[in-house]
Amino acid sequence: MPVLSQQDLTFFHKNGYVIARKVIDRAQAERTAEAVWAFSGKKPDDPETWYEEGKGIMVEVYHQQAMWDNRTNPRVHQAFSQIWNNEKLWVSHDRASISPPNRDPEAKEHNLHWDMNIDNPPFSFGVQGVLYLNDTPAEQGAFICVPGFQHKLEDWLANLPKGAKPKEQDLLALGTKRIGAEAGDLVLWQTALPHTASLNRGTSPRVAQYITMWPAGEKNPDARQRHVAFWRDRLAGFRYAEEREHDEVPPAKLTPLGRKLVGLDPWHKKENSYVHPMSARRRQRRRLRG
Ligand SMILES: O=C(O)CCC(=O)C(=O)O
């Protein structure tokens, strides 16, 4: 059975998001959450450690083995392959998050955002994903978005009053939905959907890992080098000052699928861009000489 049914795919194209259920099992979700907690220095059973002044929910952790096991999990790959209708994908190097229950009575829902440039329509297709590492009911800081807005974005932008800044509009008023799901479920959404992590109005922290995939850029050797280096050198995606893992952990062990998703091995056999052009030519001459 494929991870996403035909109904799921139809739902995704209509609403711009879908839940890929149980892409990893509960034990693996728990292992990953433990690694994220350990890296953060916070303790799941000690609320006093959960809050850090001026810090959001993101944890600059990327290279724990459990996180790589999730990124390269065949079911995660299958969900993205179904969405792209292409199995030859690369995986992102995203971080994780811990969202503790809100304790500020004045706190408001965060405004929504896009992680793509919305200055130059028309927009091309893109997809993002958040993997829940613990059970996440809607009120426990679940992913929140405006379903179906990917179909309206370009018109909405064109009809904004002159000079109005799209990101400063009340995007919450566009009609949001909080997407609750279970540990091991992956919420996938189109990049054109305004979204965010909702305020956690529950009693437990939400723990999550971000994962996306896109068609492999194997024909671009520089892109491939950069992609592989991230895994090999254990780099951090956003906050370089917090880059710790290259000193703390070895490069994650990868499966054959993982090697392709990282860019170490080619998806395209015929277009093996990893053979130096000179040696390919030399081999051809040798073949011709017999
Ligand atoms: O954590 C979430 O539910 C959403 C995260 C988010 O807003 C993002 O990845 O851009």
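Read-outs: derived from the displayed coordinates by stated rules, not from any lab. Owing to the predicted nature of the structure, the values given are computational and were not obtained by experimental measurement. No Cβ is skipped: glycine too gets one built from the backbone with ideal geometry, and neighbour counts run over all protein chains shown.
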Can you tell me the relative contact order of the stretch 6-289? Whole percent, Cα pairs under 8 Å, sequence separation 6 or more. 29 percent
Could you pull out every residue, at least 5 positions away or on a different chain, whose amide H is within less than 5 Å of the one on Asn111? Hs are placed 1.01 Å off N in the peptide plane, and Pro or chain starts have none. none
From the backbone phi of the stretch 245-252, what are the Karplus-calculated ³J(HN,Hα) couplings (6.51 cos²θ - 1.76 cosθ + 1.60, θ = phi - 60°) in whole Hz, Gly and Pro given as x? 6, 5, 8, 9, 9, x, x, 5
Can you give the relative contact order of the stretch 1-121 as a percent, counting alpha carbon pairs under 8 Å and 6+ residues apart? 27 percent
So what J values fall out for the stretch 171-182 if you push phi through Karplus, 6.51 cos²θ - 1.76 cosθ + 1.60 with θ = phi - 60°, rounded to Hz, Gly and Pro as x? 6, 5, 6, 7, x, 9, 9, 8, 9, x, 6, 9
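Among Lys14/Lys260; Lys22/Lys108; Lys88/Lys219, which pairs are too far apart, with a Cα-Cα distance over 23 Å?
Listed pairs above 23 Å: Lys14/Lys260; Lys22/Lys108.
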May I ask for the distance between the Cα centers of the stretch 1-74 and the stretch 148-172, given as a whole number of Å? 30 Å
To test your reading of the geometry: what angle, between 0 and 90 degrees and rounded to tens, separates the Cα axis of helix 277-289 from the longest principal axis of the chain? 30 degrees
For the stretch 52-134, what class follows from the C-alpha gyration tensor (a ≥ b ≥ c being the square roots of its eigenvalues): rounded when a/c is under 1.5, otherwise prolate if a/b is larger than b/c, else oblate? oblate
Residues with amide H under 5 Å of Arg206's amide H, sequence separation 5 or more or different chain, H placed in the peptide plane at 1.01 Å from N; which? Ser99
Sequence order, the stretch 140-147: Karplus ³J(HN,Hα) from phi using 6.51 cos²θ - 1.76 cosθ + 1.60, θ = phi - 60°, Hz rounded, Gly and Pro as x, gives 9, x, 5, 4, 10, 8, 9, x
D (µm²/s, integer) via Stokes-Einstein for the stretch 1-152, Kirkwood Rh across alpha-carbon pairs, 4 °C, 1.567 mPa s: value 74 µm²/s
Divide by every residue of the chain the summed helix terms, -39500 (n - 2.57) for each DSSP H run of at least 4, and state the resulting mean residue ellipticity at 222 nm, rounded to the nearest 500 deg cm²/dmol. -8500 deg cm²/dmol
Would you kindly work out the equivalent ellipsoid of the chain from its C-alpha gyration tensor and give its semi-axes, the square roots of five times the eigenvalues, largest first in whole Å? 35, 25, 18
Hey, can you rank 2-10, 207-215, 74-82 by average C-beta count inside 10 Å, highest first? 207-215, 74-82, 2-10
Quick one: which residues, 5 or more positions from Gly148 or on another chain, have an amide H under 5 Å from its amide H? H modelled 1.01 Å from N in the peptide plane, none for Pro or chain starts. Gly16, Tyr17
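Would you mind calculating the relative contact order of the stretch 133-255 from Cα pairs under 8 angstrom and at least 6 residues apart, reporting the percent as a whole number? Display every interim value, and only then the final one.
Details: 136 pairs, mean separation 41.4, N = 123.
That works out to 34 percent.
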